[in-house]
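The values are calculated or read from the model by the stated rules, or taken from the named source; none is laboratory data. As the structure is a computational prediction, the values presented were derived from the model and not from experiment. Ideal geometry is used to build each Cβ from the backbone, glycine not excepted, and the neighbour counts take in all protein chains shown. Remember, those area values only see protein heavy atoms, side chains included, never the ligands or the DNA or RNA. Shrake-Rupley method; radii C 1.70, N 1.55, O 1.52, S 1.80 Å.
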Amino acid sequence: MVPEEKLTEFVERCREAAGSNLETLVLFGSAVTGEYHAGLSDLNLLCVLRDSSFAKLQELAPVVRWWNGQKQAPPLCMTRHELGRSTDVFTIELIDMVQHHRILFGEDVLQRLQIPTDLHRVQVEYELREKLLLLRQHLLMSAGNDKQMWEVLLHSVPSFATLFRHALMVLEKGASLRRREAVKQLAQRLQFNPTPIEQLMEVRERKIEKKNLEAATLCVGYLAAIEKVTSAVDALDPETPAGTRSK
């Protein structure tokens, strides 16, 4: 269950510390998608401020230190103007926020955001390619060390599951599902095996024990799935017909 008492106290502390400078507080992420796991998931928060200067941020610093003591990540802080001007560079994050959020205080500043879908495809491909390169680097560094390999896999799978969800949205023009459902549907569409990703998610959520699985074996299907999804998103590039890129 989402810890409502913690959220209520955070809102009260923010309102007291920031006063009229606090315009809106938004809860987003797993706490509003039904994918929250106590002790594992963060309470993701967006603070919309009228003034985000250093002096005004310092007024919120004691609240954030208390929040950190609750083992929670610091909130994102933006002005309403910054939020509106960020739709072309934070398409993944803002689509998720628009689709799944809960206003804890103030006005719903997300409901009127217009997010360009063409730039969404570009960011999904960029994020897939960047994270795939980083994943390969970390797997090379962890070769021969089973513990490190598990850390790499379990740390990376939430991000890739989110990107798979957005890849499906790109491929099916707005399809919106939870991450696990999106992985399964994407696997059916692109003909890859979703089992390695599903098993990694279940290990991370403590539904199955990793001692019953082999990290190296999971890597084979995991990397293959990511590569297949990346290629499918890339093939939708309207500027470059599929099959014309340099080999």
Test result for SER159, at pLDDT 95 or above and polar (S, T, N, Q): yes
Helices (runs of 4 or more DSSP H) fully within the range 126-220 counting 3 or more residues that are β-branched (Val, Ile, Thr): 146-171, 195-204
Tally, over the range 167-212, of residues that are over 18 Å from LEU236 (Cβ atoms), modelled with pLDDT under 90 and of a type in the set (D, E, K, R): 1
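Can you tell me which residue within the range 83-97, out of those that are in contact with a strand residue (DSSP E or B) (Cβ under 9 Å, 6 or more places away or on another chain) and either open to solvent by 80 Å² or more (accessible area, probe 1.4 Å) or in a helix (DSSP H, G or I) (or both), is farthest from ARG165 (Cα to Cα)?
LEU83
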Subset of the range 161-170 (residues that are closer than 15 Å to GLY29 by Cα, in contact (Cβ under 8 Å) with a residue 60 or more places away in the chain and not polar (S, T, N, Q)): LEU163, HIS166
Qualifying positions in the range 123-150 - at negative phi and more than 23 Å from the chain's Cα centre (by Cα): LEU140, MET141, SER142, ALA143, ASN145, ASP146, LYS147
Residue list for the range 190-216, restricted to those being free of Cβ contacts under 8 Å to residues at least 12 places away in the same chain and open to solvent by less than 90 Å² (accessible area, probe 1.4 Å): GLU202, ILE208
Residues that are more than 15 Å from CYS219 (Cα to Cα) and crowded, with 20+ Cβ neighbours inside 10 Å, drawn from the range 128-160: LEU128
Failed item, numbered, when MET1 is tested on (1) within 29 Å of VAL170 (Cβ to Cβ); (2) modelled with pLDDT under 95; (3) surrounded by fewer than 19 Cβ atoms within 10 Å (Cβ to Cβ): (1)
Neighbours by Cβ (under 8 Å, 6+ apart or cross-chain): first from the range 171-189, acidic (Asp, Glu); second at pLDDT 95 or above and assigned to a helix (DSSP H, G or I): GLU172/ARG189
LEU119 being surrounded by 12 or more Cβ atoms within 10 Å (Cβ to Cβ) and more than 18 Å from VAL233 (Cβ to Cβ): no
Flag if GLN111 is within 18 Å of ARG179 (Cβ to Cβ), open to solvent by 70 Å² or more (accessible area, probe 1.4 Å) and not small (Gly, Ala, Ser): no
